[in-house]
Amino acid sequence: MFNDIGPLELVTIIVLAVLVFGPDKLPKVIQDVMRTIRKIREFSENAKQDIRQELGPEFKDFEFEDLNPKTFVRKHLDSDDLGLKEIRNGFDLKKEMAEVTDAVHSRESEAPSSGSSGGRVDMTKKPEEPGKQDRPPFDADAT
């Protein structure tokens, strides 16, 4: 419940409580706070039980923590119903990266041999313009 409170913050809260309530009233205040927390937890558990009873037997394993989106997604993605573990285990990242690397290196080794000037592009030449008789390609999506 109070996992994110550090030791310095805890000491500060204790010192403030002693200053505000005084050493005589502090034990009574702590008891009242603890009693209130217990009542709230009891009320919460009773409400959960009532909701589970109203939902019926098909929701007997329903957990309210599953309503948190992060927990819900994690629970359903970790189940074997979708086969995601098989997909995850079947995907070999090193093998895929090696294939991509080989493809890139083979393309690089082929590119210089195809060019007449040793892989350099002559920027002074103008690209050839299509002839007047050549028709542009037909694009069915554009019409």
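Laboratory data are not the source of any read-out in this text; all were calculated from the coordinates shown. Keep in mind that this is a model prediction, so the values were computed, not measured. Cβ sites come from the backbone with ideal geometry, for glycine too, and all protein chains shown count toward neighbours.
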Paramagnetic label zone (point 7 Å from Cα along Cα-to-C-beta, Val20; backbone N under 17 Å) in segment 26-69: 26-37
Options Gly56, Ser44, Pro23, ranked by Cα towards positive dipole end of segment 1-65, top entry (Cβ charges): Pro23
Modelled FRET efficiency - R0 25 Å, Asp61 with Asn3, Cβ distances, 0.05 increments: 0.40
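Residue separation times 0.36 nm, minus the C-alpha to C-alpha distance between Asp32 and Ala98: what's the value? Don't jump to the answer; show the numbers that get you there.
Details: separation 66, 0.36 × 66 = 23.76 nm, distance 6.57 nm.
Extending this stretch completely gives an extra 17.2 nm.
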